[in-house]
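A short write-up of the structure that comes next.
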């Protein structure tokens, strides 16, 4: 069997390591696929150490310049950041009792929409103040969550209202909108 001089390289703790031996391209491809199945980063090199593309295995480009024009390219500046509602789920008023308590303490401004039930009791929706808030100030995470939920349910006026309040409060995500 003729050895053509292909080496299989892979990464171990961010260091380049080679399989023992020199292989034909077909053997190198077989070893490469075995390493890839194990979840390792691996590739084939020729005698000089240059990358040899192998059909059926994907290579991630090392630099963003290699991605130009590909579907893997990500546009810069598309993620504005600071739009997370992380933690709002724990601090938002969930039960009707906690929502009514919030209305009695902070007023109707603690929610984007306060309707009435058939019995005449308040039916608050889209909370924007945290349940245990002592200042009754609108929470940016709550405003973002209310805006998203209003947009998802097709209530544009409520989404605009949330954005308007967020700009007045000084939320970072509202500056771009």
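What follows is calculated from the coordinates using simple rules that are stated; it is not laboratory data. If you're wondering where the values come from, they're calculated on a predicted model, not measured in any experiment. Counting neighbours? That spans all protein chains shown, and the Cβs are built from the backbone with ideal geometry, glycine included.
General remarks:
- In the range 1-44 the Cα-Cα distances spread across 5 Å bins starting at 0 as 5, 27, 32, 22, 10, 4, 1 percent of all pairs.
- Ranked 125, 48, criterion: other C-beta atoms within 10 Å, fewest first: 48, 125
- Judged by the mean number of other Cβ atoms found within 10 Å, the most tightly packed of the peptides 127-137, 15-25 leads the ranking 127-137, 15-25.
- Rel. contact order, % - alpha carbon contacts under 8 angstrom, at least six apart, the range 87-131: 43
- Fewest-first ranking of 157, 98, using other Cβ atoms within 10 Å as the exposure measure: 157, 98
- Legend: ranking of residues 121, 160, 147 from fewest to most surrounding C-beta atoms inside 10 Å; resulting order 121, 160, 147.
- Oblate is the label for the range 97-177, because a/c, from the alpha-carbon gyration tensor with a ≥ b ≥ c as root eigenvalues, is 1.5 or above and a/b does not exceed b/c.
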